[in-house]
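Trainee: One structure is given below, represented as structure tokens, and several questions about it will come after.
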Amino acid sequence: PSAISIRDVQKTYAGTKGEPGKHALKGVSFEVPQGGIFGLLGPNGAGKSTLINVLAGLVTKSAGSAEIWGFDIDDQRRNAKRAIGIVPQEIVFDPFFTPYEVLENQAGFYGVPKAERRSEELLAAVRLTDKRDAYARTLSGGMKRRLLIAKAMVHSPPILVLDEPTAGVDVELRRQLWELVTELNRQGVTIVLTTHYLEEAEQLCDRIAIINNGELIANKTTSEMVGMA
Ligand code: ADP
Ligand code: ADP
């Protein structure tokens, strides 16, 4: 199957105080092939986070269907969830947990048996071995972002989805995060990331879909996309 398959997904947020609802997704369809780095590019307010949140099970879609690794996100929720790791935009850690504890707790959520946990390996992969036992509140912003990526990988999902991974980060950290994403992809993880930086999509992704105002307006390989410009 495709890594992710989205069919005519719509989301209308309920309006408040007599205001009309917001059509955040107006019937979006696309397939994410296995094995690549897929970029969902669009300006703020386009509907990127809504789409990610639908896949993560945090937002209920109004219509349409979606499959993750061939599992329907409604009817086969458990399997669908196990096939995907989500790196959210916002960084939320209990400040008094350590990176090692964050990963062990997350593994616990997923019921990963102790013998199959790879917290040390994941800390090494995101270069946080020397911060293993530091309180999360003492980590730099870059370290926290790297820890979020490790946290999303504890159950070894074949797909990693990153919501605006480099929004508001400096050039050096952006380079580090790109490297990390590329490395994971080389190890066989299918990557999906949202971004509003054309440059990021071009440099990192092999396929780019453009979303604007809740509608998909393009979906091409990066070389096709760049050739058009
Ligand atoms: P993006 O991630 O591309 O910036 P979003 O998915 O966050 O876009 O938002 C798409 C549209 O839906 C925007 O107009 C936004 O204001 C609106 N929106 C997002 N979340 C909510 C919500 N919880 N309630 C109402 N409207 C929302
Ligand atoms: P449940 O559906 O079993 O209640 P939750 O959705 O509350 O599980 O998730 C438990 C923890 O795992 C939370 O910290 C949540 O943010 C995180 N989480 C859930 N799904 C994913 C995912 N696919 N990738 C990474 N973290 C996730």
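Residue by residue, here is whether (1) over 30 Å from G27 (Cβ atoms); (2) touching a residue at least 60 places away in the same chain (Cβ under 8 Å) holds:
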site	(1), (2)
G64	no, no
I84	no, yes
F109	yes, no
R118	yes, no
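Trainee: Filter segment 138-188 down to residues that are among the aliphatic types (A, V, I, L, M) and touching an Asp or Glu at 6+ places or on another chain (Cβ under 9 Å), then give me how many there are.
Mentor: 1
Trainee: Are any residues in segment 149-184 more than 20 Å from E199 (Cα to Cα) and among the basic types (K, R), and if so, which ones?
Mentor: Across segment 149-184, the qualifying residue is only K151.
Trainee: Considering only residues of segment 39-53 that are more than 6 Å from ligand 1 (Cβ to nearest atom), out of contact with any Phe, Trp or Tyr (no Cβ under 9 Å at 6 or more places or on another chain) and of a type outside the set (G, A, S), which is farthest from A209 (Cα to Cα)?
Mentor: So, considering only residues that are more than 6 Å from ligand 1 (Cβ to nearest atom), out of contact with any Phe, Trp or Tyr (no Cβ under 9 Å at 6 or more places or on another chain) and of a type outside the set (G, A, S), the one farthest from A209 (Cα to Cα) is N53.
Trainee: Here is a further query. I need every pair where a residue in segment 122-138 that is in contact (Cβ under 8 Å) with a residue 40 or more places away in the chain has its Cβ under 6 Å from the Cβ of a residue that is among the β-branched types (V, I, T) and surrounded by 14 or more Cβ atoms within 10 Å (Cβ to Cβ), sequence separation at least 6 or different chains.
Mentor: V126/I149
Trainee: Let me ask another. State yes or no: is K114 away from ligand 2 (no atom under 15 Å from the Cβ) and among the charged types (D, E, K, R)?
Mentor: yes
Trainee: If you don't mind, there's one more thing I want to ask. Provide a single number: the residues in segment 160-206 that are touching a strand residue (DSSP E or B) at 6+ places or on another chain (Cβ under 7 Å) and part of a helix (DSSP H, G or I).
Mentor: Adding up the residues that qualify gives 6.
Trainee: Among the numbered criteria (1) over 20 Å from the mean Cα position of the chain (by Cα); (2) acidic (D, E); (3) within 14 Å of ligand 2 (Cβ to nearest atom), which one does E90 miss?
Mentor: The number of the failed condition is (1).
Trainee: From the set of residues in segment 135-145 that are among the small types (G, A, S) and away from ligand 2 (no atom under 16 Å from the Cβ), which is nearest to I91 (Cα to Cα)?
Mentor: G141
Trainee: Out of the residues in segment 34-55 that are part of a helix (DSSP H, G or I) and among the β-branched types (V, I, T), which is surrounded by the fewest Cβ atoms within 10 Å (Cβ to Cβ)? Step through it out loud before you land on a result.
Mentor: Let us first name the residues in segment 34-55 that are part of a helix (DSSP H, G or I), namely 48-55.
Narrowing further to those that are among the β-branched types (V, I, T): 50, 52, 54.
On the way: T50: 21, I52: 24, V54: 24.
Selected residue: T50.
Trainee: Also: Which one of these does L58 not meet: (1) among the aliphatic types (A, V, I, L, M); (2) within 16 Å of ligand 2 (Cβ to nearest atom); (3) part of a strand (DSSP E or B)?
Mentor: (3)
Trainee: Any residue at all in segment 119-134 that is of a type in the set (K, R), over 20 Å from G39 (Cα atoms) and within 16 Å of ligand 2 (Cβ to nearest atom)? Break it down into steps so the answer makes sense when it comes.
Mentor: Filtering segment 119-134 for residues of a type in the set (K, R) gives 127, 131-132.
From what's left, over 20 Å from G39 (Cα atoms): 127, 131-132.
If we keep only those that are within 16 Å of ligand 2 (Cβ to nearest atom) as well, we get none.
The answer is no, given that none of the residues of segment 119-134 is of a type in the set (K, R), over 20 Å from G39 (Cα atoms) and within 16 Å of ligand 2 (Cβ to nearest atom).
Trainee: Please identify the pairs in which a residue from segment 182-205 that is at pLDDT 95 or above has its Cβ atom under 7 Å from the Cβ atom of a residue that is in a helix (DSSP H, G or I) and among the basic types (K, R), counting only partners at least 6 apart or on another chain.
Mentor: Cβ pairs passing all conditions: T194/K48.
The values are calculated or read from the model by the stated rules, or taken from the named source; none is laboratory data. Since the model is a prediction, treat every value here as computed from it, not as a measurement. FYI the Cβ positions are ideal-geometry reconstructions off the backbone, even for glycines, and counts take in every protein chain you see.
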